[in-house]
1. When Rg is the radius of gyration of the Cα atoms in the range 1-83 and Rh is its Kirkwood radius, what does Rg/Rh come to?
2. Once a ≥ b ≥ c are taken as the square roots of the eigenvalues of the Cα gyration tensor of the range 16-63, is the result rounded (a/c under 1.5), prolate (a/b larger than b/c) or oblate (a/b not larger than b/c)?
3. Using only the alpha-carbon atoms, how far is helix 41-64 inclined from the longest principal axis of the chain? Give it as 0 to 90 degrees, nearest 10.
4. Using the crude model of +1 on Lys and Arg Cβ and -1 on Asp and Glu Cβ, and no other charge, please compute the dipole size for the range 29-119 relative to its Cα centre, in debye to 20.
5. Taking the range 14-147 on its own, what percent of its Cα-Cα pair distances exceed 23 Å?
6. What span do the alpha-carbon atoms of the range 77-128 cover on each of the three principal axes, reported in whole Å from largest to smallest?
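Coordinate-derived values only; no laboratory data. Remember, it's a predicted structure, so these values are computed and weren't measured experimentally. Methodologically, a virtual Cβ is constructed for each residue, glycine included, from the backbone with ideal geometry; neighbour enumeration extends over all protein chains shown.
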Amino acid sequence: MDTNHSRRQLAAMKQSLFDQGLLDEQFIQLEELQDDANPNFVEEIVTLHYRDSSRLISSIEQALKERNLDFNKLDTLMHQFKGSSSSIGAKKVKAECNLFREYCRAGNAEGCMRSFQQLKKEHAALRKKLEAYFQLARQAGPRETACRSK
């Protein structure tokens, strides 16, 4: 597969992630920080996010199993999850975090449970799509970047 075709395919895949509302502007800002010295910067940040978020998901699952839900604790954990998701531009995940936190503030256990299940689905779907995106990016190779005038 030639490089130009791979680049076009990669650009179309990224646009699709935005069109589906999965990513926001933060992802582009991360990509702008990537350079020749650290060509896998965005992938490394996303990998760290998923490592941290897996730990947070486990903590939230444990907190949701408690007989008497501690909504403050759940809200704090979800605030951390939202911050991590925001840092990579995970738009749908961030929106679901906000909904979960609203249910926490309202003391709505059922709403928290439903929202958390949806959050896990959005989180997993984005992970799968980003893995495919980064795999294609590696195949396409490093892009040539023009120097920006300052």
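1. Using only Cα positions, Rg/Rh for the range 1-83 is 1.14.
2. The shape class here is oblate.
3. Helix 41-64 sits roughly 10 degrees off the main axis of the chain.
4. 600
5. Roughly 37 percent, once rounded to a whole number.
6. 30, 18, 14
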